[in-house]
2 protein chains.
Amino acid sequence: MNDFIFHNPDKVYFGKNQMEHLPEELLKFGKKVLLVYGGGSIKKNGLYDTVTKLLKANDIEIFELSGVEPNPRHTTANRGAKICKKENIDVILAVGGGSTIDCSKGVAAAALTETGDVWPLVSNRVWVEKALPIVAILTNAATGSEMDSWAVISNMDTNEKIGLGGGALVPRVAFENPELSFSLPTYQTACGAFDIFNHVLDNYYLAGDATFDMILEFQEAVMRAVVKWAPVAMKEPENYEARANLMWASSMALNNILDAGTVHGCACHAMEHELSAYYDITHGHGLAIVTPRWLQYILDEKTAPAIYRLGVKVFGISEEFAVMEGAKKAIEAVSNFCFNTLGLKANLSNLGINDEHFKNMAEHACFGGVISGPKNLTAADVEEIYKMCL
Amino acid sequence: MNDFIFHNPDKVYFGKNQMEHLPEELLKFGKKVLLVYGGGSIKKNGLYDTVTKLLKANDIEIFELSGVEPNPRHTTANRGAKICKKENIDVILAVGGGSTIDCSKGVAAAALTETGDVWPLVSNRVWVEKALPIVAILTNAATGSEMDSWAVISNMDTNEKIGLGGGALVPRVAFENPELSFSLPTYQTACGAFDIFNHVLDNYYLAGDATFDMILEFQEAVMRAVVKWAPVAMKEPENYEARANLMWASSMALNNILDAGTVHGCACHAMEHELSAYYDITHGHGLAIVTPRWLQYILDEKTAPAIYRLGVKVFGISEEFAVMEGAKKAIEAVSNFCFNTLGLKANLSNLGINDEHFKNMAEHACFGGVISGPKNLTAADVEEIYKMCL
């Protein structure tokens, strides 16, 4: 069992009737707010009006950064940082899904640098200890950004999509109202759900490393929740219980509770980031394509017991198989969840991706070394996994 | 499912090699520290020397409040508050188990009142929003005080033992080194373990109220951890894994993760506090005596399915019984855990307690109304349960 530090000061207001607390929370930081959002869906569904009215009624001054991309760009974050510097913004209010919150984290970090450019922080893997405070209103259960210390920022000039981390990037306050995700399209619901699932699986007990039993069981409980409630939310988009379970699963997956005593892994995430960096595909879909192939690739006598356990505990597979056979059934169950239950296309070729850049992508994913995990992956391993996804 | 707020800013350093971070964390609040501890076991086992040396090497000025009782008294907290006021203490360092941390919370709250008396806060159930910062070094897995917003303070003049709560009472930092609990006697280990178990059970799904499946499953995972590891720690006091599991279970039981979407219940705790208030018995032992009788008392068609589920999930009882029979088997399993596995004496009469004060205790436990829970308990109900414990 490893020593660890647990620290997550984020204050989460969860539920239907919490928005009234927004002004009091923002005013703890000041009166000048940068409102960050994406493509305008919050204008269609009325959330933009609700929020701006509430802020204006409390004499809060609003500046705006809109048009955040699904894979948020460093140039957009820099645009936000420029506004923060010019207007002396006190607090950033992110209204949207993971992309919007991630972009806001980029803005928050860049705004306190001299140049106002987020990219040097990202590319040099700087751990951000100083940033403007962020308050988030979550509309999509997926990335866990509402309660974690990470952002993922893309540089489309260099085909790079890289994580930016730091204690200062944990939102100070998050509002999670499951009703705000009612209007999410089926495809986005499916992609978000698999993102949550993979956050846990990437960190699961696959190499038999010691952690607390209870933490392992927490991980399984969160994955079971996704497997149970994602198809319900897809069929009944306004099912509150389904949306609530997915939303809280999103936060639980990355708020560090599931990390206690473990080594945090992110093999599939590292491989997928290259796919969205090169092809701008939806992150959760890329993960769904990569994950079952990764499990197949790492399957051996050492990893088989834990993969089989995943099948038993999360997908209800019989405990009566021989270990290796059971592990194969578990991988089938993951595939079935991705490509049948969630209805996501199974191959990169379905998304118009061929092997042209695999070599470069694999090298970049390994960042000059290996991706550590239940089985360390070299660039050659990663290239092989990409080929399995074609 | 209920709306809820999750907020726990406590920073926990967990593991063997974390103590070096103590000075930097204290110095965030200032250089004048009130060191609070109990009967002197920390002097015997060397912890007192380790801590004071570390502090002095960092020019931190130490004041002391020692002799905190197992059920900490308001008079002791007031003694600490007096030192804080006189010496302008910046931060309180609690070194010990739940009693020491609870007393420190009393000190921290009283120090910022005009009178320096904690009792009016306690008896008026004031929610404490202003207190000196507390840093805790935990030596005993039990109360969860290292990561929660509650203290329990006793007034021996009036036979009252009452919870004092408040956002300001959550320790800012907690150090949890399982090795520090190696020297804990078997009886204290057993009592602490049952305190953890009951924190979860008191809040379990017994009335079928909606919560997240995953939270219910987290609760079961924490109770399973206690059932598995408590007997190991009792037999092998220096088993790191056993001590670590109990310690993290202690924190998880009350750090609000297990509360999401539930109504927090505390029926057994409310009934037990009267026992320790009147007879100064060890809290965890009192809980072990009360809990199986409470389960018996509330058992009916409404509560049986959840009680049976507890038996299946936590104690591995067969799923093939009829519901009511299964629930009875579950209660037997809880009894067996308390009185055989943990070796705690089963009756109040074993502790020299008779029915003399039951009526008054029951009325006080209900605080002029009922104890709410899976089945609301009136004073008459509570008196009946006490009698079952004789």
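The values are calculated or read from the model by the stated rules, or taken from the named source; none is laboratory data. Note that this is a predicted model, so its numbers are computed, not measured. Note that each Cβ is placed from the backbone with ideal geometry, even for glycine, and that neighbours are counted across all protein chains shown.
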Consider A:E146 against the criteria (1) more than 13 Å from the chain's Cα centre (by Cα); (2) over 26 Å from A:F367 (Cα atoms): it satisfies all of them except one. Which criterion is unmet? (1)
Consider the range B:175-212. How many of its residues are outside the structural domain of B:E20 (by TED's automatic domain parsing), among the acidic types (D, E) and touching a helix residue (DSSP H, G or I) at 6+ places or on another chain (Cβ under 6 Å)? 2
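Could you tell me which of the residues A:N17, A:N78, A:N2, A:N58 is in contact (Cβ under 8 Å) with a residue 24 or more places away in the chain and under 25 Å from B:F6 (Cα atoms)?
Values: A:N17 fails: in contact (Cβ under 8 Å) with a residue 24 or more places away in the chain; A:N78 fails: under 25 Å from B:F6 (Cα atoms); A:N2 fails: under 25 Å from B:F6 (Cα atoms).
The match here is A:N58.
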How about the range B:255-270: which of its residues are buried (at least 21 other Cβ atoms within 10 Å of the Cβ) and within 22 Å of B:G15 (Cα to Cα)? B:N255
Do you know which residues across the range B:233-254 are surrounded by 21 or more Cβ atoms within 10 Å (Cβ to Cβ) and facing chain A (nearest Cβ under 9 Å)? B:A244, B:N245, B:W248, B:A249, B:S251, B:M252
Which numbered condition trips up A:K11, out of (1) in contact with a His (Cβ under 6 Å, 6 or more places away or on another chain); (2) at pLDDT below 95? (2)
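Taking B:F197, is it part of a strand (DSSP E or B), at negative phi and aromatic (F, W, Y)? I'd like the intermediate steps shown before the answer.
Details: part of a strand (DSSP E or B): no; at negative phi: yes; aromatic (F, W, Y): yes.
Answer is no for this residue.
Can you say whether B:A230 is of a type outside the set (S, T, N, Q), in a helix (DSSP H, G or I), facing chain A (nearest Cβ under 9 Å) and crowded, with 19+ Cβ neighbours inside 10 Å, as far as the supplied structure shows? Full working, then the answer.
Values: of a type outside the set (S, T, N, Q): yes; in a helix (DSSP H, G or I): yes; facing chain A (nearest Cβ under 9 Å): no; crowded, with 19+ Cβ neighbours inside 10 Å: yes.
Taking the combined requirement at face value, the residue does not satisfy it.
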The range B:141-192 - residue that is more than 22 Å from B:A267 (Cα to Cα) and among the acidic types (D, E) and, of those, surrounded by the fewest Cβ atoms within 10 Å (Cβ to Cβ): B:D157
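Output the residue which, of all residues in the range B:175-233 that are among the aromatic types (F, W, Y) and over 30 Å from B:H21 (Cβ atoms), is farthest from the chain's Cα centre (by Cα). Lay out the reasoning, then the answer.
Taking the range B:175-233 first, the residues among the aromatic types (F, W, Y) are B:175, B:182, B:187, B:194, B:197, B:204-205, B:212, B:218, B:229.
Right, trim to over 30 Å from B:H21 (Cβ atoms) and you get B:187, B:194, B:197, B:204-205, B:212.
Working: B:Y187: 16, B:F194: 10, B:F197: 10, B:Y204: 16, B:Y205: 20, B:F212: 24 Å.
So, considering only residues that are among the aromatic types (F, W, Y) and over 30 Å from B:H21 (Cβ atoms), the one farthest from the chain's Cα centre (by Cα) is B:F212.
Quick one: is A:A57 surrounded by fewer than 15 Cβ atoms within 10 Å (Cβ to Cβ), among the aliphatic types (A, V, I, L, M) and assigned by TED's automatic domain parsing to the domain that holds A:M156? Spell out the reasoning first.
Values: surrounded by fewer than 15 Cβ atoms within 10 Å (Cβ to Cβ): yes; among the aliphatic types (A, V, I, L, M): yes; assigned by TED's automatic domain parsing to the domain that holds A:M156: yes.
Yes, satisfied.
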Reported set for the range B:327-359 where residues are aliphatic (A, V, I, L, M) and within 25 Å of B:P305 (Cα to Cα) is B:A327, B:A330, B:I331, B:A333, B:V334
A:L275 being more than 14 Å from every other protein chain (Cβ to nearest Cβ), out of contact with any strand residue (DSSP E or B) (no Cβ under 8 Å at 6 or more places or on another chain) and among the hydrophobic types (A, V, I, L, M, F, W, C): yes
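Within the range B:74-117, which residues are of a type in the set (D, E, K, R), in contact with a strand residue (DSSP E or B) (Cβ under 8 Å, 6 or more places away or on another chain) and surrounded by fewer than 21 Cβ atoms within 10 Å (Cβ to Cβ)?
Step one: filter the range B:74-117 for residues of a type in the set (D, E, K, R), giving B:79, B:82, B:85-87, B:90, B:102, B:105, B:114, B:117.
So of that shortlist, the ones also in contact with a strand residue (DSSP E or B) (Cβ under 8 Å, 6 or more places away or on another chain) come out as B:79, B:87, B:90, B:102, B:105.
The answer is B:R79, B:E87, B:D90.
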Could we say that B:P171 is assigned to a loop (DSSP other than H, G, I, E, B) and modelled with pLDDT of 95 or more here? yes
Quick one: A:V222 ticks every box in (1) at pLDDT 95 or above; (2) more than 8 Å from chain B (Cβ to nearest Cβ); (3) in contact with a His (Cβ under 9 Å, 6 or more places away or on another chain) except a single one, so which number is it? (2)
Return the total of residues in the range B:188-218 being under 19 Å from B:G97 (Cα atoms) and facing another protein chain (nearest Cβ under 9 Å). 0
Unique residue being among the hydrophobic types (A, V, I, L, M, F, W, C), touching a helix residue (DSSP H, G or I) at 6+ places or on another chain (Cβ under 8 Å) and closer than 18 Å to A:A174 by Cβ when the list is A:L27, A:L55: A:L55
Of the residues in the range A:3-28, those that are more than 7 Å from every other protein chain (Cβ to nearest Cβ), surrounded by fewer than 20 Cβ atoms within 10 Å (Cβ to Cβ) and under 26 Å from the mean Cα position of the chain (by Cα) number 3
Taking the criterion of being assigned by TED's automatic domain parsing to the domain that holds A:A221, on the phi > 0 side of the Ramachandran plot and of a type outside the set (F, W, Y), would at least one residue in the range A:269-288 satisfy it? yes
Flag for B:A221 being crowded, with 19+ Cβ neighbours inside 10 Å and within 20 Å of B:G97 (Cβ to Cβ): no
